[in-house]
1. Identify, by number, the condition in (1) loosely packed, with under 13 Cβ neighbours inside 10 Å; (2) touching a residue at least 12 places away in the same chain (Cβ under 8 Å) that Ile42 doesn't meet.
2. For the chain, give me every one of the strands (runs of 3 or more DSSP E) that falls completely inside it and has 1 or more residues that are basic (Lys, Arg), at negative phi and touching a strand residue (DSSP E or B) at 6+ places or on another chain (Cβ under 8 Å).
3. For segment 34-76, name all the residues that are of a type in the set (Phe, Trp, Tyr) and within 22 Å of Glu23 (Cβ to Cβ).
4. Taking Gln59, is it of a type outside the set (A, V, I, L, M), free of Cβ contacts under 8 Å to residues at least 12 places away in the same chain and open to solvent by 30 Å² or more (accessible area, probe 1.4 Å)?
Amino acid sequence: MYISNIQHFLDEAGNIPKQMPKEARELASFFALVIDTTTKNIPFTLTQTDIRCFEKGCQGLIKSEVLKENNEIHWVCSKCQNEGRISGWKLTKWDNR
């Protein structure tokens, strides 16, 4: 399980730095996409998105939800069960509330 605070991936301006290692930048971009998609509707149960899983060889789609108890975004792959939680997403550029 990935436990991530999106703030740890951002620079002072709230952007994903270009000088970040490629793998970290790709993971941060995936988290940003999950935040963007999830905060458009703020589902409180796992809801299918059109985001593809990033695991090599996996063709699954991501389901996501906002957890009521701590406002973290929880996401899980429909195929490989890769999953995680994202905190620190409020007031980022991907927060659509």
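The values are calculated or read from the model by the stated rules, or taken from the named source; none is laboratory data. Keep in mind that this is a model prediction, so the values were computed, not measured. For neighbour counting, all protein chains shown are included, and Cβ atoms are generated from backbone atoms with ideal geometry for every residue, glycine included. Only protein heavy atoms, including side chains, enter the accessible area calculation; ligands, DNA and RNA are left aside. Shrake-Rupley method; radii C 1.70, N 1.55, O 1.52, S 1.80 Å.
1. Failed condition: (1).
2. The qualifying strands (runs of 3 or more DSSP E) are 47-52, 61-66, 83-87.
3. Phe54, Trp75
4. No: the conditions fail for Gln59.
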